[in-house]
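One structure below.
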Amino acid sequence: MLREDIIIDIFSGWRSFLRKCLFRVLRVGPIPSHVAVIMDGNRRYAKKKKIDDMTGYDAGALALLHLIIYCMELGVKYVTAYAFSIDNFRRQPEEVQKIMDLTMESVMLLTWISKLRSVRVHFAGKLQLLSAEIQDAAKRLMESTAGYNNFVLTICICYTSSDEILHAVEKSCKEKWDDGIGIMGYDKGNDYERLIKVEDIEKHMYTAIAPDPDILIRTGGEYRLSNFLVWQSSCCHLSSLGTVWPEFGVFHLVWAVLDFQKNYRYFAKKKLQL
Amino acid sequence: MPFSLHFSPTPPITAPSPLSKPFFLVPYYHTLHAPKSPLCSSMEHALTHQGKQEAFDRRPEDSQTLPLGLRRDAMPSHVAVIMDGNRRWARLRDLPVRSGYEAGVESLRKIVEICCKWGIKVLSVFAFSSDNWFRPKVEVEFLMSLFERGMQEDTGIFFRENIRISVIGDLTKLPKALQELMVNLEEATKNNTRFQLIVAVSYSGHYDVVQACQRLALKAKCGLIEPSDINVSLMEQELETNCTEFPHPDLLIRTSGEFRISNFMLWQLAYTELFFAQSLWPDFGEAEFLKALLAFQQRQRRYGV
C-alpha cells in the first residue's frame, strides 16, 4: 500500500468510527494534554517475528504513525517521541543508516499529514549530527508548519536530556553574559538575587515548544528513562508497558490514559501548587 | 526505496545486535560526530574503581551475608530511594502523621544496615523535597525536629559503623541549628569509607541543575571557563552529588506504588533502573529490598546501544 493510502485508511473506515466512539467514552475523564513515548522494542519485535531488525524499525515507524493519529482523535495536543538517541550512534552502522533513512521518509510523510490536519512538527535534538540532507528537510518542515497549533508533534532525534540541559545551560550563561547582567545582584532586601532561574534554562530547552509531559510511556518492559526528557518528566506519570513498540495499539493507549486518569487527582493538585 | 510499510516476502535473518555488551566493547562506528555520552564518565568511573572494591573497609562477616540469588558482581554501587507512603501508613492505622514519619526513620535505619551488610556503597534518600515546604507548617516543623533528633541520636552509629554522611539540597531554608548540625556531621564523617548515606533535604533535581548552572556562570564571568566549555564533566563537578565517587544511582526505588520521580536527581537518573514498590515506606524491609535488587540484577542495561 502507498503511504498516503495507509494514512487515509487509518483516518477513515469502520475501525476509525469505533475508535472515535471509544475515545468519546474516555473523554468523560481527563485526557493528558502531552503524551511522551520511548519507542523501545523494535529489535525484539523483529527477533520474535523472525524478521530482520530493519523491518522491525519499519513496523515501529508504522506504530508511531498510528499513535499520532490516535492521539489527534483522542484530543491530545502534544506528542513527543524518542526516535534516536545520541547514544544510538554506537549501534551497528546499518541500523543507524536505516533509522536515518526512515527519518527522511518520515519527514516527507509528515509534510503531507501536516497539511491535512494542521500539525506542527518539531525536531528536537542536536540536529547538526544529522546529514545535511536530513537537516535541511527537517528545517524546511519545521518552518512550514510553525504556524500550526492544533497538534504539536516533537520528534526527538540525536537527542539526550544531558545534551539538552547542557545546551540550555550554555545558552543561559551566554544570554546573561551578553546582556551585561551580573550573575549575582542585589534585590531591595539586600539578599542575593540569583538571576539564572529554572525558567531561564527551560526556555532554551530543545523541547521548549511543548509543556511538560503528563504521561511518559515506555514500551518493551523496561523501567528507565534512558536520558529522555529527564528534566521535563520530573512530576509526570511514568507508564511502562510489556508490549514491544511495533505492537503498541489503540488499546495500549487506552490503558495508558486510564492509568493517567487514576492518578489525575495528584497531578491536578500539583498544577494548582505551581 | 519508498517507505516500506509492509514486510517483504522472505527477509533474511541477521545476526543479533550485541545488546548485552557494555558500550565500551562496541566499536565506535561514528566517532567523528557522536559526542561522549554522559554515561561514559560513570561507566568508566565504575570500571576504574572496580579494582578498588576490596579497599572499602568491610567487616569479614559482610562477604558471607549476601542472600541466595543475589550476585555480588552485579550489586548496584549506588541505590537511591524515594521514601514515599509515611503519612498513608499512619492514616491506615489511625495514627497521627508523626508516627508515620517515625516509622519511616526506623525503616531507613534498617535499610542502611542492610546496605552496609550487602556491600552497597552509596544510598541516597529523598528525605525532604523543595515541594514539601508547601505542606502544613506543623508537619514541616516536626520533620525538621525529626531530622535533628535522628542525626544527633545516630552520630555514634555513624562513627562506629564507619558511615559517611552527606547532605544535599538548599540548606539555607532549614533552621540554623539543623544547618550547623548537618554541616558538622558531614565534616566529621567525611573520612569514613565503609558506606555513604546521602540525605536529600530541601532538594529537587531542578534546583541541583540550576545551582550548578549558576556556579558555572560565575566561573565564566570570572574568566575561568568559556560558556562554550561547559560539558558533562564540568556540569557533574558542580552538581551536589559531587560529594560521592558514584554520583549516578544504578537503581532508584520508589515505594507506595506511585509511578513518578517527583523531581529527584533528574540529571543523575538518566540511565538509572527504576523500581516501583507497592508497599509503603515504613513497611519496606529486607524482603522488599531483596526483591528490588533481584529485579535490578535481571535487567539488561544497554545504555542506548
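The numbers here are math on the coordinates, done by the rules we state, and not lab data. Note that the coordinates shown come from a computational prediction; the quantities given were computed from them, not determined experimentally. Positions of Cβ are backbone-derived with ideal geometry, glycine not excepted, and every protein chain shown enters the neighbour counts.
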Gyration tensor on Cα atoms of segment A:210-274, a ≥ b ≥ c root eigenvalues, a/c under 1.5 rounded, else prolate if a/b beats b/c, else oblate, says oblate
What distance in nm lies between label points placed 7 Å from Cα along the C-beta direction at B:GLU161 and B:THR193? 2.0
Residues B:MET144, B:MET265, A:MET39, sorted so that the one with the fewest Cβ neighbours within 10 Å comes first: B:MET144, A:MET39, B:MET265
Counting only residues 5 or more apart in sequence or on a different chain, those whose built amide H sits under 5 Å from that of B:GLN196 are B:VAL122, B:LEU123, B:ARG164
Dipole magnitude of segment A:202-265, debye to nearest 20 (Cβ charges: Lys/Arg +1, Asp/Glu -1, about Cα centre): 100
Just add up the charged neighbours of B:VAL167: K/R +1, D/E -1, any other residue whose Cβ is under 10 Å from the Cβ of B:VAL167. -2
With +1 on the Cβ of every Lys and Arg and -1 on the Cβ of every Asp and Glu, the dipole magnitude of chain A about its Cα centre, in debye rounded to the nearest 20, is 1080
On a straight-distance basis, which aspartates and glutamates could pair with B:LYS176 in a cross-link, Cα separation under 19 angstrom, same-chain partners fewer than 8 positions away excluded? A:ASP191, B:GLU139, B:GLU141, B:GLU148, B:GLU153, B:GLU186, B:GLU187
Given a cut-off of under 8 Å on Cα pairs at least six residues apart, what relative contact order in percent is computed for segment B:166-214? 60
Rounded to the nearest 20 debye, what is the charge dipole size of segment B:187-243 about its Cα centre when +1 sits on each Lys and Arg Cβ and -1 on each Asp and Glu Cβ? 160
Arranged by the count of other C-beta atoms within 10 angstrom, fewest first, what order do A:LEU102, B:LEU95, A:LEU258 take? A:LEU258, B:LEU95, A:LEU102
What shape does segment B:89-190 have by the C-alpha gyration tensor, where a ≥ b ≥ c are the square roots of the eigenvalues, rounded means a/c under 1.5, and otherwise prolate means a/b greater than b/c and oblate the rest? oblate
Can you flag which of A:LYS47/A:LYS139; B:LYS190/B:LYS219; A:LYS98/A:LYS139; A:LYS77/A:LYS126; A:LYS197/A:LYS269; A:LYS262/B:LYS117 are past 29 Å Cα-Cα? A:LYS47/A:LYS139; A:LYS262/B:LYS117
Indicate the gyration tensor shape class of segment B:146-279 (rounded, prolate or oblate), computed on the Cα atoms with a ≥ b ≥ c the square roots of the eigenvalues: a/c under 1.5 is rounded; otherwise a/b larger than b/c is prolate and the rest oblate. oblate
Output the relative contact order of segment B:185-305, whole-number percent, from Cα pairs under 8 angstrom with separation of 6+ residues. 22
Proxy exposure order for A:THR55, B:THR189, B:THR172 (fewest C-beta within 10 Å first) is B:THR172, B:THR189, A:THR55
Return the distance in nm (one decimal) between the two label points of a simple spin-label model at A:LYS48 and A:VAL25, each offset 7 Å from Cα along Cα→Cβ. 2.5
Return the long-range amide H neighbours of A:LEU241 (sequence gap of 5 or more, or a different chain), with a cut-off of under 5 Å between placed amide H atoms. A:ARG218, A:THR219, A:GLY220, A:GLY221
